[in-house]
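What follows is a set of notes on a single structure, which appears directly below.
Taken together, the values in this text are just the output of simple stated rules run on the coordinates, not laboratory data. As the structure is a prediction and not an experimental result, all values here were calculated from the model. Heads up, the Cβs are rebuilt from the backbone with ideal geometry, glycines too, and the neighbour counts pull from every protein chain shown.
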Amino acid sequence: MSTSPNPPQNAVQNPEGTGIRTLGYANRFATWDSELRYDGRIQVPMGVKIKEVRYSYTGNGRAERGTTEIKRGQGGMNDEYEVIDLTFLDDSDLITFTLRGDLDVDTDPRPDYSRTYRIRVDVTLDNGDVRTANPEIEVLAGAWDGSNPEQVGRPFVRLPWDNAWSVPSGNSQAGFGYVSDNGRIPDDTFIIDLVNPRQGEQGVASNISDHVYYQLVHEDGTPSRCTPAPKLQKAEGHKDNGTGRKATLPAIDLRQSGDKPGYYRFLVWPQAQNPDGSTSGLGWDPARPEDAFQVGSVYYRYAPRGIDPGLHTVVKTQ
């Protein structure tokens, strides 16, 4: 089964020509993890480069937060971007980039179970043009009590940041915008930390979480051969914001599995059960692509897809 949507942002047929094509982004997280992760691509006149990338820190519609460019594949934990790929076409260039940074969108949404924000991303080019995207994120309540409305307290997975999850690489957020030219993704790169604000509450619906489903999905909508259908992963559900009960995936080799090069989103669907063992309707349905949390991404031998095959292309990476 393929549960692979087009990227979540509504877009015109060829958005990179005048704006930014959204490949993927951190679309849903709890108030504890107010962070930006965004992957995009733009088409620019020949020889034009990115001068600056800014974004909206508070979701107020203004891209007031600046970033610093760092080396492709370096990874990091600051407000920064990497140019992943530069492709030369006959009459233009394609620039693919990954962006990360802090956000300030952690206001408790209760009595609603979540609140949505549009995070403006502005890419300024050295010819003066500005390209813009406005990905919409959903921020969930990180707490629950018995007086809250029914939908409050849905399970969620954490969006890793800094090295708060103490992985050997020293960077818990390395699994978003990860560059792999050989197809290998090391163990501990993808982190699953399952939280259920109702966990262990006696006599309460949806009070047990012990697993998620996950899937790697190519940018063209097809699933990775590693995960042809959403795959069950056991995880220890908890209701506090501690980071010591993570589940990490073992190493993945996309080349060995026969996967095609490209951009892959790492999608997760948190699950919950009721006290009688039945599946809770507050969980997230792996048959519904829009229910997925994107908590990671991989550029595997990346070159843009969807280019007219009659165009001559040369791929350059740094």
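If neighbour count is taken as other Cβ atoms inside 10 Å, put 232, 94 in order from fewest to most. Intermediate results must be reported in sequence, preceding the final value.
Numbers: 232 13, 94 20.
Taking fewest neighbouring Cβ atoms as first place, the list is 232, 94.
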Legend entry - Charged-residue dipole, Cβ positions (Lys, Arg, Asp, Glu), the chain about Cα centre, Debye nearest 20: 440
Inset, instruction - Sticking to Cα atoms, compute the Rg of the stretch 35-150 to one decimal and its Dmax as the biggest Cα-Cα distance, whole number, in Å. - result: 17.2, 62
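When the dipole is taken about the Cα centre of the stretch 1-142, and only Lys, Arg (+1) and Asp, Glu (-1) are charged at their Cβ, what size is it in debye, to the nearest 20? Mind showing how you got there, number by number?
Values: 17 positive and 24 negative charges, 32 e Å.
Computed charge dipole of the stretch 1-142: roughly 160 debye.
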Inset, instruction - Order by neighbour count: 198, 301, fewest other Cβ atoms within 10 Å first, most last. - result: 301, 198
Inset, instruction - Quick one: dipole size for the stretch 255-303, taken about the Cα centre, charges +1 on Lys/Arg Cβ and -1 on Asp/Glu Cβ, in debye to the nearest 20. - result: 440
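Tally the DSSP beta bridges in the chain and give the antiparallel ones as a percent, rounded to 5.
Values: 69 of 78 bridges.
Antiparallel: roughly 90 percent of the beta bridges in the chain.
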Legend entry - Sorted by Cβ density within 10 Å, fewest first, the residues 71, 239: 71, 239
Inset, instruction - Would you be so kind as to identify which of 128, 142, 109 lies farthest towards the positive end of the dipole of the stretch 102-152, taking Lys and Arg as +1 and Asp and Glu as -1 on Cβ and the Cα centre as origin? - result: 128
Legend entry - Pairs of Cα atoms farther than 20 Å apart, the stretch 120-200, %: 59
Legend entry - Percent antiparallel among DSSP beta bridges (both partners in the stretch 35-146, rounded to 5): 95
Legend entry - Cα→Cβ-extended label distance, 7 Å offset, between residue 181 and residue 69, nm: 1.8
Legend entry - Convex hull (Cα only) mean projected area of the chain, reported in nm² to one decimal: 15.7
